[in-house]
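First the structure, in the form of structure tokens, and then the observations on it.
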Amino acid sequence: MERKQFELGDVVQMKKQHPCGTNEMEIIRMGMDIRIKCVGCKHSVLIPRAKFEKNLKKVLRSKADEGLNEGESANGISSN
């Protein structure tokens, strides 16, 4: 089974939703433990990497993709 790729700043979907009703979490710290922040209520949770990888369903929005889009628009503005 292939390991899912995720980076700092990505918004991910977990297998179980947060008690506030949102299932979108943003990765705000990475290491042996991973800190994720609920997009809905802004509550943050620190969980071990192994448990995070087990409970990760999919990456919804990647920070790297958003950075490319912002960079393109900034280049367009500065060239005018």
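The values are calculated or read from the model by the stated rules, or taken from the named source; none is laboratory data. If you're wondering where the values come from, they're calculated on a predicted model, not measured in any experiment. Note: ideal-geometry Cβ built from the backbone for every residue, glycine included; neighbour counts use all protein chains shown. Calculation scope for accessible area: heavy atoms of the full protein, side chains included, ligands and nucleic acids excluded. Shrake-Rupley method; radii C 1.70, N 1.55, O 1.52, S 1.80 Å.
Values as computed for the structure displayed
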quantity	calculated
Of all residues in segment 45-57 being in contact with a Lys or Arg (Cβ under 7 Å, 6 or more places away or on another chain) and more than 15 Å from residue 29 (Cα to Cα), the one that is least open to solvent (accessible area, probe 1.4 Å)	56
Subset tally (residues that are within 10 Å of the chain's Cα centre (by Cα), among the hydrophobic types (A, V, I, L, M, F, W, C) and open to solvent by 50 Å² or more (accessible area, probe 1.4 Å)) for segment 10-38	1
Cβ-Cβ under 6 Å pairs, at least 6 apart or on other chains, segment 38-63 side closer than 14 Å to residue 15 by Cβ, far side assigned to a loop (DSSP other than H, G, I, E, B)	55/15; 56/4; 57/15; 59/6; 59/10
